[in-house]
Each structure stands twice: as structure tokens, then as C-alpha cells.
Amino acid sequence: MKYGLGIAAAIAVMGQFSNARANQDVQALASDPANWVIQSGDYSGHRYSKLDQINTSNVGDMRVAWTYSTGVLRGHEGGPLVVGDIMYLVTPFPNVVTALDLAHDQKILWKYQPKQDPFAIAVMCCDTVNRGVQYAEGKILVHTADTSLVALDAKTGTEVWKVKDDDPKNGASGTGAPLVVKDKVIVGVSGGEFGVRGYLTAYDLNSGHKVWRAYSTGPDEDMLVDPEKTISLGKPVGKDSSLKTWRGDQWKIGGGPTWGYMAYDPDLNLIYYGTGNPSTWNPVQRAGPDGKPIDQKWAMTMFARDVDTGIAKWAYQMTPFDQWDYDGINEPILAELDIGGIKRKTVTHFDRNGFGYTWDRATGELLVAEKFDPDANWASKIVMDKSDPQYGRPIVDKKFSPF
């Protein structure tokens, strides 16, 4: 049966997730539309508010009620959080976190001004952005440019704990928003343009202790991949699935950064996220020994991982041997779809490569892979015939390949 992208129109908004596996504080606050405690609004990545004071009949009457200048004239990519009457926001570098009292004329309750080595600016690829803070259990979590993960007391702005995730001198920077799941803070890393080997890390919410780290490339034990149980396109990935797709030890600077967005299914206890471009940028330098393209797994990949252990449940590489710097970090969106009369729990991702993908989020089965942008010309299609040896792979148009 052939599925079109129009299937997305059949998405039925999921019911409330079970609190048994989610962080109960975050889940309870997020269920009240007056709050906005996760950058994506909820664990499903919907970015949808149920508030209805603004509608089609009155939107034309909107006027500015108040403004607040952060004093930082760079790109602001993190939306503010609202918890009760308090708004929390973070600036681009130097990553000043501010709490505003919305019930008292936006009075500044506190400011947190981290001390950072300005060298971090030199390895920030695309402006000095930060994609937002996260709230959980009386704490505000922020990932600063120098890769420090900081927990702040939400009432006072004082540091509860602080850990250094990496070092800008290694090319790494912190630009992504953390996500709190259960008793863990999940955070990624930026720096694929500077040879950083991307990873996702889980820290204990109460202490900042590192629980696990899963790299995007390299040996199975580094990536937290089980050769026999981690699935891709219906089959185990096999031993050294990443190492076999890189020339020599290039995987050590392999990119696959994780500065984008995450979603979480409490029932399956799986977190979903995409990895970015392989490194180095120049595809000629990344070609195989024979000068031909090689996949370079697992950059440009959608992962599903167990939150407790970090072990990958499944993986799907969207753009093997990326030559266009598409990055695969756009939002995963969790929903239930009626496919052929059968309800499927799915994860959908609209990638920068111009294709929209939908997978069964428990198994990683590829259900949809079609262009949502008809002008995407790097590939003609994704092979969906499971009997074809090229199943799941893009058919690349060589005339649009810079390699």
C-alpha cells in the first residue's frame, strides 16, 4: 500500500501520556495550557497551545501590551517558558537567564549571568544562539555556549549544580535546549563544522552526575548500539555498523552533532532525536579508499533510544554520505495515524533534505518517505520496496551532487 504525505492530515492528537514514565512535575504543568514548560510545548513535540483567547475573530485587534529588551543584539532562537506567573528566558551568548514576574508588570525577579570564556564564540557556527531553557522540579536548566549544563533555583536564580559537558577548545559549543525526562536531563552538543564527534548525554536532574553518553559515530560501545538488537529498516544493524562506513579513523571527527530537538514517548520509554552533518564538510575528504561515496553512519540519522540506558532501539539514516549539509536535527513529532484502518503510534520528521518521513515509533519501520518540497532535486525518491536491495535509501541525482 502506498502512503502519501497527505496522511499527516489524519493525525489524531494523542491523549495524555502516562505519568508513570514521564517527569511528573513537567507532565502536570504541561497539561495546563496556561503553562509552557518545554520548548516544544509537550513531550510529543506538537508546539500547539490549547489557549483560545486569541482566535480568527479578534486576532486583528491585537496590539503590543509590553516589551522587554534582553540587551543582546544577536539571534534569539529559544522561546520563553511560562510557569504560573513567571516567565523565564535566555539570551544568545553570554546566555543571560532572566525571570520576569508577569503578575507585577514584568518585574525582573532575578538574572543569572554566567561567566564564560568568550573563545566559545569562535566555534559557534551560525550566530551565538541558544535554543531555550527547560523547567523541572523547581529548577531551570540551561546549556551555555561553553557547553556548561547548569541547574538554577527557579525562585532565586542561584546555581544548584553545574557540569562541563565538553570544551570549546575541542570545537564544541552548547546551543540546544535540554529536555528533562524522568530524573534525567538530556542534552546534545554543537560543533559538527569543527570536527566534533556528536553525542547525546543524560545527567541526573538532582546532582548533575553523568548517567550515560551515546556518540553518533564510532565503536558500538561508544554509540550505545547493540549489534543484534538495535534495528534499522527491519534488520539488526550488525557489528561495527558505523566503523565500516568510514575511511580509517575519520569517525573520530565524524560530526553528527545533536543541537536540535527531541521528543519522548513515556509508554515506550524512548527518546527521539536527529543527528546533523558528517564532518569534515568537504565530501571529497570523506570519500572511501576508492574515491566513492560511503554512508558515514550514523550522521544524518533519526535515533530512538531507551532513556534509562541510552541504548539505541532503532536508527534510520536519512541522507547517507551527506554532501549538502542538510542536518537531520528538525523536530520529531509523535502522533497516532490511521494507516489502512490500523492505528499506528508514529514519529514524523520533516527533514532539511526536502523529504518527510514517518516511522512506527516502536519498531522504526519506515511508513512514509516522500517529498514535501517538490523543488528538492538532490534525490528523486526514497526506495520503499522492501524486496529492493536499495530499500530505504535515496536515489541520488548525480548532476546535483557536488562530489
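To keep it simple, each residue is scored yes or no on (1) surrounded by fewer than 24 Cβ atoms within 10 Å (Cβ to Cβ); (2) among the polar types (S, T, N, Q); (3) on the phi < 0 side of the Ramachandran plot.
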position	(1), (2), (3)
289	yes, no, yes
296	no, yes, no
303	no, no, yes
306	yes, no, yes
311	yes, no, yes
321	yes, no, no
326	yes, no, yes
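With respect to residue 142, is the statement that it is within 19 Å of residue 215 (Cα to Cα), at pLDDT 95 or above and assigned to a strand (DSSP E or B) true? Explain how you work it out, then say what you get.
Details: within 19 Å of residue 215 (Cα to Cα): no; at pLDDT 95 or above: yes; assigned to a strand (DSSP E or B): yes.
The answer is no for residue 142.
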Count of residues meeting criterion [in contact with a Phe, Trp or Tyr (Cβ under 7 Å, 6 or more places away or on another chain) and either aliphatic (A, V, I, L, M) or within 16 Å of residue 274 (Cβ to Cβ) (or both)] in region 362-373: 6
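Only one of 150, 123, 142 is free of Cβ contacts under 8 Å to residues at least 40 places away in the same chain and among the β-branched types (Val, Ile, Thr); which?
Numbers: 123 fails: free of Cβ contacts under 8 Å to residues at least 40 places away in the same chain; 142 fails: free of Cβ contacts under 8 Å to residues at least 40 places away in the same chain.
Sole residue among the options that is free of Cβ contacts under 8 Å to residues at least 40 places away in the same chain and among the β-branched types (Val, Ile, Thr): 150.
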Among residues of region 374-401, those that are within 18 Å of residue 234 (Cβ to Cβ), of a type in the set (Gly, Ala, Ser) and either surrounded by 10 or more Cβ atoms within 10 Å (Cβ to Cβ) or in contact with a Phe, Trp or Tyr (Cβ under 8 Å, 6 or more places away or on another chain) (or both), counted: 1
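Considering each residue of region 387-396, count those that are touching a strand residue (DSSP E or B) at 6+ places or on another chain (Cβ under 6 Å) and part of a loop (DSSP other than H, G, I, E, B), and give that number. First the steps, then the outcome.
Within region 387-396, the first condition is being touching a strand residue (DSSP E or B) at 6+ places or on another chain (Cβ under 6 Å), and the residues that meet it are 392, 394-396.
Adding the requirement that they be part of a loop (DSSP other than H, G, I, E, B) leaves 392.
Selection size over region 387-396: 1.
On the basis of being within 30 Å of residue 150 (Cβ to Cβ) and surrounded by fewer than 21 Cβ atoms within 10 Å (Cβ to Cβ), does residue 207 make the cut?
Values: within 30 Å of residue 150 (Cβ to Cβ): yes; surrounded by fewer than 21 Cβ atoms within 10 Å (Cβ to Cβ): yes.
When the stated conditions are applied, residue 207 passes them.
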Selection status of residue 250, at pLDDT 95 or above and in contact with a helix residue (DSSP H, G or I) (Cβ under 8 Å, 6 or more places away or on another chain): yes
Lone unmet requirement of (1) part of a loop (DSSP other than H, G, I, E, B); (2) aliphatic (A, V, I, L, M); (3) within 30 Å of residue 123 (Cβ to Cβ) for residue 263: (1)
Subset of region 295-315 (residues that are touching a Gly at 6+ places or on another chain (Cβ under 9 Å) and farther than 17 Å from residue 219 by Cβ): 300, 302, 304, 313, 314
Hits in region 158-193 (condition: of a type in the set (Lys, Arg) and either on the phi > 0 side of the Ramachandran plot or in contact (Cβ under 8 Å) with a residue 60 or more places away in the chain (or both)): 182, 184
Complete set of residues in region 258-310 that are among the hydroxyl-bearing types (Ser, Thr, Tyr) and over 21 Å from residue 364 (Cα atoms): 279, 280
Test: residue in region 212-223 that is surrounded by fewer than 19 Cβ atoms within 10 Å (Cβ to Cβ) and closer than 16 Å to residue 274 by Cα: yes
Qualifying residue in region 146-165 (condition: touching a helix residue (DSSP H, G or I) at 6+ places or on another chain (Cβ under 6 Å) and surrounded by fewer than 24 Cβ atoms within 10 Å (Cβ to Cβ)): no
Residue that is farthest from residue 241 (Cα to Cα), among those in region 175-208 that are among the acidic types (Asp, Glu) and outside any strand (DSSP E or B): 183
Unique match (being outside any loop (DSSP other than H, G, I, E, B) and at pLDDT 95 or above) among 211, 225: 211
Test: residue 141 is surrounded by 14 or more Cβ atoms within 10 Å (Cβ to Cβ) and within 17 Å of residue 186 (Cβ to Cβ): yes
Region 98-132, residues that are touching a Gly at 6+ places or on another chain (Cβ under 7 Å) and either over 24 Å from residue 45 (Cβ atoms) or of a type in the set (A, V, I, L, M) (or both): 99, 110, 111, 112, 123, 129
Matching strands (runs of 3 or more DSSP E) fully within region 318-386 where at least 2 residues are within 21 Å of the chain's Cα centre (by Cα): 332-339, 342-350, 355-360, 366-371
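The values are calculated or read from the model by the stated rules, or taken from the named source; none is laboratory data. From a predicted model like this one, the values you see are computed outputs, not experimental measurements. Virtual Cβ from ideal backbone geometry, glycine too; neighbours counted across all protein chains shown.
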